[in-house]
Amino acid sequence: MKDREEVTERELKDFVYVAQAARVVFGAGSLAQLPREIELLGARKALVLSTPEQAADAERVARDLGGHAAGVFAKAVMHVPIETAREAREVARRLGADCAVAIGGGSTTGLGKAIALDSGLPILAIPTTYAGSEMTPIYGLTEDGLKRTGKDPRVLPKTVIYDPTLTLTLPVGLSITSGMNAIAHAAEGLYAKDGNPIMDLMAEEGIRALALALPAIRQDAHDISARSRALYGAWLCGTVLGNVGMALHHKLCHTLGGSFNLPHAEVHTVVLPHAIAYNAPAIPVALARMGRALHSEHPAAALYDLARSNGAPYSLRQLGLAEADLDRAADIAVSNPYWNPRPIERAGIRALLQEAWEGTRPAA
Ligand code: NAD
């Protein structure tokens, strides 16, 4: 442990830190604060957004809002198709909504962002997974089968209500993979080129909180204290994602998700230990912080254990990727150069993908 302390305290680099304004209301039962929060935004009529699966939650929120609800739009789907975004913008305009309330995971928050991008409507997010989109100015839109992502401060939700009671229904499997997805933001944030000491604090604490919470949620999905800790961790990790640049892990997941249509949170869960093992030789300080948060000398292996021992998938093979696709995945992954702490070499990435496909436990 002493060595790890020494490594992390070794040097303080120069940095630039820009605070991104968002009001966060956290606590079990905090959904009840929604009318007050809408009022504080200076808004009067909210369009409530959700996926079809969470339509009942959206209806309940709208009912509770009474005259402050403009209506419900429960058509959010993964990857924000432009047609859905256009329809939602039109519905918001027609109903005279002056804000949107997005209750759900990254897909629903993403729809809210698509509305805000075009209309400037303020978004109030009520996250019910650990994906972290609510804390970032990053948006994605899919047009003609191509997902375009961008960054715009207008899409950052103005207010976020974190109510852990809303996560009690998140199935255990999705809770674990969504939590690993959040950890991935923090893990890569710890070695971001544009990192800063505030984000390091949040990243380390975020990993610690989720690593503690996920096994407890596996034991008892209704453990409100574990659910609260996980959502707190997700907030921290999402903030890191929104503030600093990501590298190899996120690019690889983007490739695998986009080109091979693999599920978002599961891909993050499987790839993360291998991406960290690949970068390990180049990131001693980040590894030391991850090690402190995970109580392990071998963070990549600890991440693998955290996922696998809690029943999450641990190989790309399990996710349905064909071994024959690994060469093409490696080609795509190295085709667009980007910054990474360890240089991106095709042979190394191909080996990483093989290990992730087989689901071997990293040694690092
Ligand atoms: P999701 O929003 O697609 O939700 C998955 C499913 O779980 C949906 O059917 C949803 O209705 C359901 N669900 C959500 N919360 C639930 C709950 N508490 N109880 C029961 N069911 C619940 O999944 P996600 O992983 O949160 O989001 C993934 C998407 O978010 C991806 O498209 C990803 O690219 C995007 N994302 C964007 C950012 C960003 O910064 N822009 C960050 C992270 C993720």
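What follows is calculated from the coordinates using simple rules that are stated; it is not laboratory data. Small disclaimer: the values here were computed from a predicted structure and weren't measured. Here Cβ is always computed from backbone atoms with ideal geometry, including for glycine, and neighbour counts include all displayed protein chains.
Couple of notes before you dig in:
- C-alpha long axis of helix 326-335 to longest principal axis of the chain, angle in °: 80
- Förster-model FRET efficiency, 22 Å R0, Ser259 and Arg346, C-beta, rounded to 0.05: 0.85
- Cα-projected label distance for Ala32 with Glu205, points at 7 Å along beta-carbon direction, nm: 2.6
- The chain: antiparallel DSSP beta bridges as a percent of all, rounded to 5: 25
- Centroid-to-centroid separation of segment 209-266 and segment 95-143 [C-alpha atoms, Å]: 18
- Computed FRET value (nearest 0.05) for Ala322 with Arg94, which takes r as the C-beta separation and R₀ as 45 Å: 0.50
- Chain lengthening between His295 and Tyr17 when straightened (0.36 nm per residue, less Cα-Cα): 97.2 nm
- Computed over segment 214-349, the convex hull of the alpha-carbon atoms projects to a mean area of 8.8 nm².
- Radius 9 Å from Cβ of Ala293, net charge of other residues (Lys, Arg +1; Asp, Glu -1): +1
- With neighbours defined as other Cβ atoms within 10 Å of a residue's Cβ, the residues Val80, Val16 order from fewest to most as Val16, Val80.
- Candidates Gly104, Gly195, Gly96: whichever shows maximal mean-square fluctuation once the chain is modelled as a Gaussian network with Cα springs under 10 Å: Gly96
- Normalised by residue number, the volume inside the convex hull of the Cα atoms of the chain is 124 Å³ per residue.
- Net charge dipole, the chain: roughly 520 debye, given to the nearest 20, about the Cα centre with Cβ charges of +1 for Lys and Arg and -1 for Asp and Glu.
- Counted residue by residue at 0.36 nm each, then reduced by the alpha carbon distance between them, the extension gain from Val24 to Asp144 reaches 39.7 nm.
- Calculated mean residue ellipticity at 222 nm for the chain: -16500 deg cm²/dmol, from DSSP H runs with n ≥ 4 weighted as -39500 (n - 2.57), summed, divided by the residue count and rounded to 500.
- Folded to 0 to 90 degrees: helix 248-260 orientation relative to the chain principal axis, Cα: 70
- Between the Cα long axis of helix 264-279 and the first principal axis of the chain there is an angle of about 30°, rounded to the nearest 10.
- Centre separation in Å (Cα based) which lies between segment 17-78 and segment 155-171: 9
- Gyration tensor verdict on segment 71-205 (Cα atoms; rounded if a/c is under 1.5, prolate if a/b is larger than b/c, oblate otherwise): prolate
- Table column - 3J(HN,Hα) (Hz), segment 295-308, Karplus curve with 6.51, -1.76, 1.60, x for Gly and Pro: 6, 8, 7, 10, x, 4, 5, 5, 5, 4, 5, 4, 6, 5
- Compactness index (Cα Rg / 2.2 N^0.38 Å), segment 131-230: 1.21
- Three-way shape call for segment 271-344 based on the alpha-carbon gyration tensor, with the a/c threshold at 1.5: oblate
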